[in-house]
Every structure is written in C-alpha cells, then in structure tokens.
Amino acid sequence: MIDLSQPALDVAPQLLGAIIRHGPVSVRITEVEAYMGLVDPASHAFNGPGGRAAVMFGPPGRLYVYLSYGIHHCINVICSPDGVASGVLLRAGEVVGGTQIVRDRRGPKAPDRKLASGPGNLGQALGVELADSGTALALDGFAPPTDGTSSDWSLEAPSAPVTARITTRIGISKNAETPWRFIIPGEPTVSGRRH
C-alpha cells in the first residue's frame, strides 16, 4: 500500500513499480523525483499556494499537471497531509497496457523503451491534459476525498517493493544537487543518466 499522506521523499520510492492508469493506458513507473513544497526552491509550491501550485497543498491523492516549455504536460502525484505541499514528479515508465494507443499518440518510430521515457513523453503516453490537474486518483488502500466526480485515473501499488537507486534530480537549475530522484536500477525506460 502507498501512503500518500507521507511527504514526497517517503512516497517517491514507493511509487517505483506502481501502475498508473488513465482509461485504457497503463504505465509501470520506473523513475520519479520528489519536490518538497515550501522548503524546496525547485518546487512550484515554494512561493506558497497561489496560482497553479494551489493543488500541491492538498488534499493528497490528486494529480498536479503543468506545462513544461509550453508543450510538455507533466504529471505529479500530490502527497503529504492536506495543507502541506509536496509532490512526486513521474519522470518515466514502461507502457504495460494500451500500447497501440500510446503509439498513435507518440508516433510509430519511438522504440518501446522510449514510449514513456521522460516526463513529457510519459504525459503524452497517458494522454494527460491541464484540465486533469486536481483530479483524484483511485488508489487501493487510500481513499482520496470525493467531490461527487468520478475519475478514470488510478494508481496500483507495486506487487512487491522495489529497490531504488537514488540520484540527484535532473533538468532543473534550483536545488538540483539534492538526492531526490529515484530510479529502478537497470531499467531501460529511465530517462537521462542512470547514476
């Protein structure tokens, strides 16, 4: 079971090997990064709960979606108690369901290991949109707050714990030296460096 009421640094390694689903597409998560809100200059929530970052302050179990470089939709899973900002950026994964749909979205030339490798590619593979920000995830063992709407997003805990390799984060300029990136060692879908 994944306890999303914990801080992102605790939740991030628990997400490795988990399956995130959006409709018919399923991706096994292989790379993540933790972002710790008000104490993390690289976090969108560093300056408080205004604007797009408001969703990062909870409740946990929701998606935070943002646009990177004006083109890539990136997905974060919100965690920590309600009112405390932290989230886990999903950086890469292995497509395990809906492969043809993903190929239609990503193009026929992308190799299997690259279909959901990198946060923008992962977002495209899952068909995420900015409108999905704030959507509650269905998750076994964790009941996100209900607001009368249903969601076709779900998260399934890994069947067995995964041993994570911990590295510094990549693709950021602030607080980049922190060892808050978690990958599955030897996994070919991991984006960027593997150490």
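The values are calculated or read from the model by the stated rules, or taken from the named source; none is laboratory data. Note that the coordinates shown come from a computational prediction; the quantities given were computed from them, not determined experimentally. All Cβ positions, even for glycine, are placed from backbone atoms using ideal geometry, and neighbour counts span all protein chains on display. Surface accessibility is based on the protein's heavy atoms, side chains included, excluding ligands, DNA and RNA. Shrake-Rupley method; radii C 1.70, N 1.55, O 1.52, S 1.80 Å.
Given the options Gly123, Gly93, name the one that is under 13 Å from Val25 (Cα atoms), modelled with pLDDT of 90 or more and assigned to a helix (DSSP H, G or I). Give the steps one after another, and end with the answer.
On the way: Gly93 fails: assigned to a helix (DSSP H, G or I).
Result of the check over Gly123, Gly93: Gly123.
Every residue in segment 62-80 that is over 20 Å from Gly127 (Cβ atoms) and of a type outside the set (S, T, N, Q), please.
Step one: filter segment 62-80 for residues over 20 Å from Gly127 (Cβ atoms), giving 79-80.
Selection gives Cys79 alone.
For segment 155-179, give me the residue count where each residue is open to solvent by less than 30 Å² (accessible area, probe 1.4 Å), modelled with pLDDT of 90 or more and within 16 Å of the chain's Cα centre (by Cα).
Number of matching residues: 2.
Across segment 84-108, which residue is farthest from the chain's Cα centre (by Cα) among those that are touching a residue at least 60 places away in the same chain (Cβ under 8 Å) and open to solvent by 50 Å² or more (accessible area, probe 1.4 Å)?
Taking segment 84-108 and keeping what is touching a residue at least 60 places away in the same chain (Cβ under 8 Å), we get 84, 86-88, 90-98, 101-102.
Adding the requirement that they be open to solvent by 50 Å² or more (accessible area, probe 1.4 Å) leaves 84, 94, 96, 101.
Details: Val84: 18, Glu94: 13, Val96: 16, Ile101: 20 Å.
Here the residue is Ile101.
So, in segment 72-83, exactly how many residues are in contact with a helix residue (DSSP H, G or I) (Cβ under 7 Å, 6 or more places away or on another chain), at negative phi and open to solvent by 20 Å² or more (accessible area, probe 1.4 Å)?
2
Residues in segment 96-120 that are more than 13 Å from Val25 (Cα to Cα) and assigned to a loop (DSSP other than H, G, I, E, B): how many?
Total meeting the criteria: 6.
State which residue is modelled with the lowest pLDDT when the search covers only segment 1-60 and only residues that are outside any helix (DSSP H, G or I), open to solvent by 20 Å² or more (accessible area, probe 1.4 Å) and of a type in the set (S, T, N, Q).
Selected residue: Asn47.
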